[in-house]
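In what follows, a single structure is set out as structure tokens and then discussed.
Just so it is clear, none of the values below were taken in a lab; they were calculated from the coordinates. Model, not experiment: these values are computed from the prediction. Virtual Cβ from ideal backbone geometry, glycine too; neighbours counted across all protein chains shown.
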Amino acid sequence: MNQDELKTLVGQAALQYVVPGEIVGVGTGSTVNKFIDALATMKDRIRGAVSSSNASTERLKALGIPVFDSNEVGQISVYIDGADEIDNQGFMIKGGGAALTREKIVAAQSSQFVCIADESKLVDVLGRFPVPVEVIPMATQRLLRQFAGMGGTARVRLKDGRPLVTDNGQHILDVKGLQISDPLRFESEINQWPGVVTVGVFAHQKAAVCLLGTTGGVKILEF
Ligand code: 5RP
């Protein structure tokens with residue numbers, strides 16, 4: 001099976017975590033797109049979704065799934081999202097699709113984070129994938145220096161030659177060269193730097209379950 005087929009497999013497997021009659025939290029990315037397509041097959045059995053990005057919102061609506069603002073709903077039972085990396089404790093790096101801030105908001109509003117990922121995303125230590133950080137543009141140059149001071153190399157993410165602008169109107173730094181051995185501490189520390197909107201380490205909002213797509217089928221990891 002290729003990577004795309006593994007994504008389809010876990011996207012479909014995630015349906016078993018969707019609670020009938022309720023609102024489901026929906027992440028962002030190519031794996032989540034497979035989940036959204038699968039979710040359309042049971043759209044008459046859910047109330048709708050809270051979405052973590054404009055891209056997911058558009059896809060959900062195009063398939064006839066009602067999308068609620070996060071402020072319109074209370075606690076959500078399940079949040080389904082992908083990851084750029086996940087370790088064997090359920091800690092993740094996310095934000096490859098630039099949606100990390102809204103992803104963390106919806107994850108924080110949800111009782112259970114179900115991560116869907118192909119097996120290439122499983123790592124021993126987080127940091128092979130450059131850590132995305134959403135930042136206020138005014139703080140960019142100082143934050144580049146602060147990451148350099150901790151041994152990382154940060155770059156502003158570009159789109160069509162210009163800084164990418166997130167759904168929240170901010171920029172993304174991608175930080176290479178970090179080995180994140182203590183994700184809880186790392187997340188807390190970076191989130192305190194003035195100008196950081198959200199760091200793409202999900203340790204306080206870690207996964208409870210990971211549906212990992214492998215050539216042998218879906219492996220369920222519980223943390
Ligand atoms: C978007 C994310 C995605 O979950 C992450 O980038 C994984 O994406 P994909 O499923 O396309 O590999 O965090 O901000």
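Considering only 164, 149, 139, and ranking their Cα positions along the charge dipole of the range 136-181 that arises from unit charges at the beta-carbon of Lys, Arg, Asp and Glu, the one farthest toward the positive end is 149. Once the Cα atoms are used to define both axes, helix 3-13 deviates from the longest principal axis of the chain by about 50 degrees. Note on residue 121: aspartates and glutamates with a C-alpha under 17 Å away, same-chain residues under 8 apart excluded, are 4, 5, 81, 84, 85, 87, 222.
Taking the Cα centre as origin and putting +1 on Lys and Arg beta-carbons and -1 on Asp and Glu beta-carbons, what dipole magnitude results for the chain, to the nearest 20 debye?
Values: 22 positive and 24 negative charges, 89 e Å.
Computed about the Cα centre, the dipole is about 420 debye.
Each peptide in 211-220, 165-174, 25-34 gets a packing score, the mean of other Cβ atoms within 10 Å over its residues, and the list from highest to lowest is 25-34, 165-174, 211-220. If you line up the long axis of helix 140-149 against the longest principal axis of the chain, both from Cα atoms, how many degrees apart are they, to the nearest 10? It is inclined by approximately 80 degrees.
Using the Cα centre of the range 131-197 as the reference point, and only Cβ charges (+1 on K/R, -1 on D/E), how large is the resulting charge dipole? Debye, rounded to the nearest 20.
Details: 8 positive and 7 negative charges, 61 e Å.
Magnitude of the dipole: close to 300 debye.
With one equal scatterer per alpha carbon and no solvent term, the Debye-computed log10 I(q)/I(0) for the range 51-158 at 0.17, 0.18, 0.21 1/Å reads -0.96, -1.04, -1.22. In the chain, the longest principal axis of the Cα atoms and the axis of helix 30-39 are about 20 degrees apart.
Given 21, 117, 97, which one lies farthest toward the positive end of the charge dipole of the chain, if we put +1 on the Cβ of every Lys and Arg and -1 on the Cβ of every Asp and Glu? Of the options given, the answer is 97.
For a Förster distance of 35 Å, can you work out the FRET efficiency between the beta-carbons of residue 54 and residue 112, rounded to the nearest 0.05? Please list the in-between numbers first.
On the way: r = 25 Å, r/R0 = 0.70.
Taking R0 as 35 Å, the efficiency between residue 54 and residue 112 is 0.90.
Sort 44, 160 so the one with the fewest other Cβ atoms within 10 Å of its own Cβ comes first.
Values: 44 8, 160 5.
Fewest-to-most Cβ neighbours within 10 Å comes out as 160, 44.
Inverting the mean 1/r over all pairs of different Cα atoms, compute the Kirkwood radius of the range 74-223 and quote it in Å. After inverting the mean inverse Cα-Cα distance, the result is 15.6 Å.
Separation of the range 149-223 from the range 1-54 is 22 Å, based on Cα centroids. Modelled spin-label separation between residue 159 and residue 69, with each label point placed 7 Å from Cα along the Cα-to-Cβ direction: 2.3 nm. If you bin all the Cα-Cα distances of the range 131-197 at 10 Å, starting from zero, the percentages per bin are 21, 56, 21, 1.
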